[in-house]
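Notes follow the structure.
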Amino acid sequence: MASKTTFICPYCFEKHKISEVQFRCTNRRCEDFDDIEMTRYENGNLRMPKKGKRTFKSSGKAVLSVPQSAVCPECGNTTYKHVCPSCHNELPESTLSGEDMIISIVGARATGKSHFVGVIIKELRDRISVSFDGSLEGFSDSYQRWEENFGNKLYTNKEKLGLTQSSMQNVDNGAYRPLIFKLKLRKKAFLKEIIDSYTFVFFDTAGEDLNDQDTMSTVNKYICKSAGIIFLLDPMQIPAVSDQLDESTVKRAAGIDWRMAARADDIMTRVSKLIRNDRRMADNKKIDIPVAAVFSKFDAIERLVPPDCTVRNPSPHCTEKCFDMTDWHNINSEIVGLLHAWNAEAFISQLETNYSKYSYFAASSLGLNNNPTSEGRIEMPRPHRIEDALLWILKENGVIKGK
């Protein structure tokens, strides 16, 4: 993997030259200073700034490689902690030497984003990464926060997750502080084994943060830096679908009245506009970020899908240790057919006119026959095809191979 000359901070998403990396002193006896950059990142009161150890650049002259350590000018202590010059958050080593893989998971309110994030991270760690000869490691407190916000509720208490609060109401959620993981994959090259590393950044973004263009520009700017976008579509919010299901099924699966949710095609319009503004792109140019449009909550609509559809079968990609292109082609065709049958052409049109790389999928984060009870209880999550969209994005970015 070629040496990087720039990096994107996985917290504030500012782009910097490698030579601009800073360090933070780790000597507990070193004096604390006002950390204006961290205070600003955390939306704190600048008149009462957070305190932290001094941050500084290395005194070395290297401009194309990352110094491993630096000496604090205040106390003389050697430190190995790299931080972003814009927000002063600690940087993963894979951000400085590996590939950035910011995965944006977006969709209207109550489309199942929290369940998707909570389950895909566990599946990546326990099953998906292992299938592709790799491992997933949490950075900083990411795994601990995953357990607190997702794992304990889903896997220990066996209860569905509540709706994510807006970043404008509560800064301490996924859109403000992401979950950061390092994916390490073993590969053969020139008769020897190499390990490629990728920084995965996940967010649990509140649906209402996508309802307003100004709010999106403030709290969802990571979307513009994405290596791929997973756009969740709640079938309960499609009238032609909800009309065919009994009221109890819809109510337990939907979370809110679909008539109160923003239209998927409207959110796609705002997402596309946000990216175009960031890139200064004209309307007649297509965006090259791969977009996976995923029917969430497949368990609730399984009986509406013809019995011979491939989407009913388990995902084959992990078993085959590559991305199965035949299976992908079948799934994509089936979901497009369902969208047309359910009069969702407006979303299809938005996707096709704005993006050059897109595909359709269906998944259930909780698993088939695991629709939450009226009291919000679930069985242990046993996801159905939750990995397909993510693996397609990895294939589009050259991380894994298709066959």
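The values are calculated or read from the model by the stated rules, or taken from the named source; none is laboratory data. Since we're looking at a predicted model, the values are computed, not measured. Glycine gets a Cβ as well: all are built from the backbone with ideal geometry, and neighbour counts include every protein chain shown. Only protein heavy atoms, including side chains, enter the accessible area calculation; ligands, DNA and RNA are left aside. Shrake-Rupley method; radii C 1.70, N 1.55, O 1.52, S 1.80 Å.
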Using all C-alpha to C-alpha distances in the chain, build P(r) with 20 Å bins and read off the rounded percent in each one. 26, 57, 17, 1
Positive-pole candidate from 307, 356, 138, dipole of the chain, charges at beta carbon: 138
Can you tell me the orientation of helix 325-341 relative to the chain, as the angle in degrees between its alpha-carbon axis and the longest Cα principal axis, to the nearest 10? 60 degrees
Show me the three semi-axes of the equivalent ellipsoid for region 7-62, from the C-alpha gyration tensor (sqrt of 5 times each eigenvalue), largest first, rounded to whole Å. 21, 18, 8
How about the chain: what cysteines have no other cysteine beta carbon under 4.7 Å from their own? 224, 309, 318, 322
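With a cut-off of 8 Å between alpha carbons and a minimum separation of six or more residues, what is the relative contact order of region 12-137 in percent?
Averaging sequence separation for qualifying contacts and normalising by length gives 24 percent for region 12-137.
Could you tell me what percent of the DSSP beta bridges with both partners in the chain are antiparallel, to the nearest 5? Please report the intermediate quantities before stating the final value.
Values: 33 of 54 bridges.
Close to 60 percent.
Can you pull the percent of Cα pairs in region 93-133 with separation above 17 Å? Mind dumping the intermediate values first?
Values: 427 of 820 pairs.
Considering region 93-133, 52 percent of its Cα-Cα pairs are separated by more than 17 Å.
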Report the trypsin sites (Lys or Arg not before Pro) located in region 1-90 that are in a DSSP loop and have at most 11 other Cβ atoms inside 10 Å of their Cβ, or state none. 28, 29, 47, 61
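Counting pairs of alpha carbon atoms under 8 Å apart in space and at least six apart in sequence, what relative contact order in percent does the chain give? Walk me through the numbers on the way to the answer.
Working: 749 pairs, mean separation 65.4, N = 403.
Rounded, it is 16 percent for the chain.
At most 13 other C-beta atoms within 10 Å and a DSSP loop state: those are the exposed GluC sites (Glu not before Pro) I care about. Give me the longest piece of the chain that has none.
Working: sites that count: 31, 375, 379.
In the chain, the maximal stretch lacking such sites is 32-374.
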Solvent-accessible area per residue for region 231-361 (1.4 angstrom probe, square angstrom): 47 Å²
In Å³ per residue, the alpha-carbon convex hull of region 1-111 encloses 128 Å³
Output wanted: per-residue J couplings in Hz (rounded whole) for region 144-149, from phi through Karplus 6.51 cos²θ - 1.76 cosθ + 1.60, θ = phi - 60°, x for Gly and Pro. 4, 5, 4, 4, 5, 8
Proximal lysines to residue 401, defined as alpha-carbon separation beneath 18 angstrom and excluding residues fewer than eight positions away on the same chain: 184, 187, 188, 321, 357
Which value at 222 nm does the chain reach when only helices count, each DSSP H run of 4 or more adding -39,500 (n - 2.57), with the total divided by all residues and rounded to the nearest 500 deg cm²/dmol? -7000 deg cm²/dmol
For region 79-134, the accessible surface attributable to carbon and sulfur atoms (probe 1.4 angstrom, ligands and nucleic acids excluded) amounts in percent to 45 percent
Listed by chain and number, the residues whose amide H is under 5 Å from that of residue 323, excluding neighbours fewer than 5 places away on the same chain and using placed H, are 401, 402, 403
